[in-house]
Amino acid sequence: MPNIRSPDSTALDRGFHALADATRRGVIARLAQGEASVADLAAPYDMALPSFLQHVRVLEEAGLISTVKTGRVRTCRLEAERLAALNRWIAEYEAGWAARLDRLGDILDRKGDTQ
């Protein structure tokens, strides 16, 4: 099992906090298709641009996206490695639970055979 108090816990906390919001998950899903400007990312959402920029800031502080400003256009891109790190953390727990459920299934199968 992973160490809950690892040095990466702050990064994990920020990453999961960022992904806890549906708007930010939508931004991540869109950026998985390729880079996009903040204006393009904000278009599907019914909110003021300053409010949307707060979501961008949270994602950027979590390291899930990076932004580059060229002139008046801020372009965002997905930082896939940080997202992969969150996935690896979940996968460690998933593997442990899968093994436990397999053992439980074996026990139930044996119990069913004896009845």
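Among (1) touching a residue at least 40 places away in the same chain (Cβ under 8 Å); (2) out of contact with any strand residue (DSSP E or B) (no Cβ under 7 Å at 6 or more places or on another chain), where does L59 come up short?
The one condition L59 does not meet is (2).
Given (1) in contact (Cβ under 8 Å) with a residue 24 or more places away in the chain; (2) surrounded by 12 or more Cβ atoms within 10 Å (Cβ to Cβ), identify the lone condition not met by V73.
Answer for V73: the failing condition is (2).
Please specify each residue of the stretch 28-53 satisfying the condition of being closer than 25 Å to A84 by Cβ, in a helix (DSSP H, G or I) and not small (G, A, S).
I28, R30, L31, V38, D40, L41
Read the figures in this text as sums done on the coordinates, not as results from a lab. This structure is a prediction, so every number in the text was calculated from the model and none was measured. Positions of Cβ are generated from backbone atoms using ideal geometry, with glycine treated the same way; all protein chains shown enter the neighbour counts.
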